[in-house]
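Novice: Before anything else, here's the structure in question.
The values are calculated or read from the model by the stated rules, or taken from the named source; none is laboratory data. This one's a predicted model, so the numbers in the text were calculated from it and none came from an experiment. Virtual Cβ from ideal backbone geometry, glycine too; neighbours counted across all protein chains shown. Ligands, DNA and RNA are stripped out before the accessible areas are found, and what is left, the full protein with its side chains, is counted by its heavy atoms. Shrake-Rupley method; radii C 1.70, N 1.55, O 1.52, S 1.80 Å.
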Amino acid sequence: MRSVEEHQRAVADLIRPRRPVTVSLADAEGLVLAQDVIAPISLPVFDNSAMDGYAVLADDVAGAAPEHPVKLPVPEDIPAGRTDIPTLTPGTAHRIMTGAPIPNGADGVIPVEDTDGGVDVVEISAATARGRHIRRAGGDVAEGSTVLWAGQLVSAPAAGLASALGLPELTVRPRQRVLVISTGSELVKPGTPLAPGQIYESNGVMLAAAVREAGAEVVAAATVADDIAEFTGVLDRYGVHDGAVDLIITSGGVSAGAYEVVKDVFGRDGDQGVHFVKVAMQPGMPQGIGRVGSPGSGAAIITLPGNPVSAQVSFEVFVRPALRRAMDLPAPDRPRRTAVLSEKLTSPAGRRQFRRGLLDHETGTVTNYGPPASHHLRYLASANCLLDIADEVTELPLGTPVEVWDLTGSS
């Protein structure tokens, strides 16, 4: 069998980064910059007031105090957004709002709290220093300086800064475009009455959610019967051969029995670019990997087992970190932590086992959660970690330190 590490490397090599694209700020958020951002203007663009109050000459109010207020006429009102900037005459004050341009000649701002709030004449009861409460042009960002760097995640503040600089777009590493295909003639859509032998489809919904949580784009989540024509029709419908999809993730159809549609489509011997392997792990032993279509415009494909827990654990172990690395997203791997086992466990020899668990962050203990069988989805839905048990380990006594993958974190 192939080791987990070998298959991780194979998947990582398969999923290739896309070329950088320029997108709107809304679409750039959550992606990684592909090039540095140089400020085209300074911030602030102009000298502006940091307070609601009155723009003055500091010398005119040098003696102002509560017991000896200074009275000044107020010939101008300067709200934020005023575009004609007046000139302050000595011996006067201009009422000014936060963010409004400082009038020519003014060298200080008196907060409204230190005045009587007068409109025509204002009484000022405190002095000010030159430059006080004035935000100078370029005090935050100097024009021509680098403000964001290639490899940096476009966070909400980063998007805000780009917008403040007048940049409507950013060049980023784009999301991987993923087509999810869930296979099985027994699958029906939730909300549809079940006939005997049918079950509700869950893998497509689950894997599509996992793809989005990993930061990639879901092109579609399709469900197909065990029918070759139906399967290939989905590939054609979503432009798999034309470069419209970067990655196909299938679930089901990769075991050793009959009616394994994924193997039937791509050839059980790997003669059509997809190779089916066994990985020494539990759950998730049957896997497939390869490319569909021409080398220049085809898509990578990863075929996962059909049992829900096997599919999702396989996604966590192989697909999620490779997807995030291909998009240069931070923290591609789930956080690894060491916790103390709260019960005795056994594990099959020769297979690396990933058990669902409940990690107590306060006590540093972990409890196995549910049976190891790959159809017990209810336990995975409430688990907050995976216990990573090495392939050579067959018994873990109570109190054994064990490595866990924290599913609640991304760093």
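Novice: Among Ala137, Ala216, Ala126, which one moves the most in a GNM of the chain with springs linking Cα atoms closer than 10 Å?
Specialist: Ala126
Novice: So what is Rg over Rh here for the range 198-346, counting just Cα atoms and using Kirkwood for Rh?
Specialist: 0.98
Novice: Could you order Asp236, Asp36 so the one with the most accessible surface comes first? Probe is 1.4 Å.
Specialist: On the way: Asp236 100, Asp36 75 Å².
Order by accessible area, largest first: Asp236, Asp36.
Novice: If I ignore ligands, DNA and RNA and count only protein heavy atoms, how much of Arg212 is accessible to a 1.4 Å probe, in Å² to the nearest 10?
Specialist: Taking all protein chains as shown, Arg212 has close to 140 Å².
Novice: Related question: How big is the accessible area of Glu217 in square angstrom, nearest 10, if you roll a 1.4 angstrom probe over the protein chains?
Specialist: 80 Å²
Novice: Show that you can apply the helix-only estimate: for the chain, add -39,500 (n - 2.57) for every DSSP H stretch of four or more residues, divide by all residues, and state [θ] at 222 nm to the nearest 500.
Specialist: Working: 9 runs with 71 residues, N = 411.
Only helices count here, giving -4500 deg cm²/dmol.
Novice: With charges only on Cβ, +1 for K and R and -1 for D and E, what is the dipole size of the chain about its Cα centre, in debye, rounded to 20? Numbers along the way, then the final one.
Specialist: Values: 34 positive and 49 negative charges, 312 e Å.
Roughly 1500 debye for the chain.
Novice: In percent, how large is the relative contact order of the range 48-135, given Cα pairs closer than 8 Å and 6 or more residues apart?
Specialist: Values: 228 pairs, mean separation 38.7, N = 88.
RCO, the range 48-135: 44 percent.
Novice: Which of the aspartates and glutamates could a cross-linker bridge to Lys71, judged by Cα under 16 Å and excluding same-chain residues fewer than eight apart?
Specialist: Partners within reach: Asp59, Asp60, Glu113, Asp114, Asp116, Asp120, Glu123.
Novice: Separate question: Pick the calculated Rg/Rh (Cα atoms, Kirkwood Rh) for this structure from [x] 0.94; [y] 1.22; [z] 1.11?
Specialist: The value matching this structure is [y].
Novice: Using only Cα atoms, locate the centre of the range 1-16 and the centre of the range 299-367, then give the distance between them in Å, rounded to an integer.
Specialist: 15 Å
Novice: Here's another thing I want to ask about it. For the full complex of protein chains and a 1.4 angstrom probe, list Trp405, Trp149 by accessible area with the highest value first.
Specialist: Details: Trp405 5, Trp149 125 Å².
The ranking, largest first, comes out as Trp149, Trp405.
Novice: Against the longest principal axis of the chain, how steep is helix 4-14, in degrees 0 to 90 to the nearest 10, with axes from Cα atoms?
Specialist: With both axes taken from Cα atoms, the answer is about 60 degrees.
Novice: Another question about this same structure. Within 14 Å, Cβ to Cβ, of Gly364, how many net charges do the neighbouring residues add up to if Lys/Arg are +1 and Asp/Glu are -1?
Specialist: Details: positive: Arg336, Arg337; negative: Asp360, Glu362, Glu403, Asp406.
Once positives and negatives cancel, what remains is -2.
Novice: Counting only protein chains, not ligands or nucleic acids, how are Met97, Met206 ordered by accessible area (probe 1.4 Å), most first? Please list the in-between numbers first.
Specialist: Working: Met97 60, Met206 40 Å².
Descending order: Met97, Met206.
Novice: By the scheme Lys and Arg +1, Asp and Glu -1, what is the net charge of all other residues having a beta-carbon under 13 Å from that of Leu170? Working shown, then result.
Specialist: Working: positive: Arg173; negative: Asp27, Glu29, Asp36, Glu169.
That sum, taken over residues with Cβ under 13 Å, equals -3.
Novice: Using a 1.4 angstrom probe and counting only protein chains, how large is the accessible area of Leu153 in Å², to 10?
Specialist: Leu153 exposes around 70 Å² with every protein chain in place.
Novice: Can you give the accessible area per residue of the chain, in Å², using a 1.4 Å probe? Let's see the in-between values first.
Specialist: On the way: 18630 Å² over 411 residues.
Normalised by residue count, the accessible surface of the chain is 45 Å².
Novice: Starting from the exponent 0.38 and prefactor 2.2 Å, build the expected Rg for the range 333-396 from its residue count and divide its actual Cα Rg by it.
Specialist: Cα Rg divided by the expected 2.2 N^0.38 Å: 1.08.
Novice: Given the range 122-167, what whole percent of its Cα pairs are spread farther than 13 Å?
Specialist: On the way: 728 of 1035 pairs.
So the portion of pairs separated by more than 13 Å is 70 percent.
Novice: Measure nothing but the geometry: give the 0 to 90° angle between the long axis through the Cα atoms of 228-237 and the longest principal axis through the Cα atoms of the chain, rounded to 10°.
Specialist: Roughly 20 degrees, rounded to the nearest 10.
Novice: Also, I was wondering about something else. Just want to confirm a number: the relative contact order over the chain, from Cα pairs under 8 angstrom separated by 6+ residues, in percent.
Specialist: Numbers: 970 pairs, mean separation 66.1, N = 411.
Rounded, it is 16 percent for the chain.
Novice: Lysines near Lys189 by alpha-carbon distance under 27 Å, same-chain residues fewer than 8 away left out - which ones?
Specialist: Counting by Cα, and skipping residues close in sequence, Lys189 has these lysines nearby: Lys263.
Novice: Computing the accessible area with a 1.4 Å probe over protein heavy atoms, can you report the carbon and sulfur percentage for the chain? Intermediate values should be presented prior to the final figure.
Specialist: On the way: 9540 of 18630 Å².
Roughly 51 percent, rounded to a whole number.
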